[in-house]
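The next block holds one structure in the form of structure tokens; read it before the comments.
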Amino acid sequence: MRGGRKQARPKSRPTQQPPAIAERVRFWEEQDRINQTLIPRVIRQHELLTKHIEEHDNLPELFRRQLADALKKQSRQSEEEQRKSLDNQSELFRRELRAALEEQSRRVRLLRWLVIGAFVVSLTAMIVSLRA
């Protein structure tokens, strides 16, 4: 490209003859046979991949649901255990309270008898002192 002139490219001459029609037909028949074998496989792979994507497309939602279900189950179990523990504690408290009330009632009865006894002794002492 010196001097601003463009050099003309020499035209390439075909060095090989184009394939004959029979060779072209055999080539396209072979291509067709290959396509007949591969296309169903490609379609099946596409269907499997599409199905896989659809099944796992909502994976975060599935995880969220599973986690929510697990938390609900754990919460129910915890509440049930707390209820059972509270029931057990209430039963123990009720038994202890009943025993304490029975003991207090026994002491009140004993004290009543002591008061009655003391009254009888005082009354007797008063009667004895009045007779003397």
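So the values come out like this:
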| read-out | value |
| --- | --- |
| Verdict on L130 being without any contact (Cβ under 8 Å) to a residue 40 or more places away in the chain and under 43 Å from the mean Cα position of the chain (by Cα) | no |
| Residue among Q17, Q66, Q36 that alone is modelled with pLDDT under 95, of a type outside the set (G, A, S) and assigned to a loop (DSSP other than H, G, I, E, B) | Q17 |
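The values are calculated or read from the model by the stated rules, or taken from the named source; none is laboratory data. Keep in mind that what you see is a predicted model, and the values were worked out from it rather than measured. No Cβ is skipped: glycine too gets one built from the backbone with ideal geometry, and neighbour counts run over all protein chains shown.
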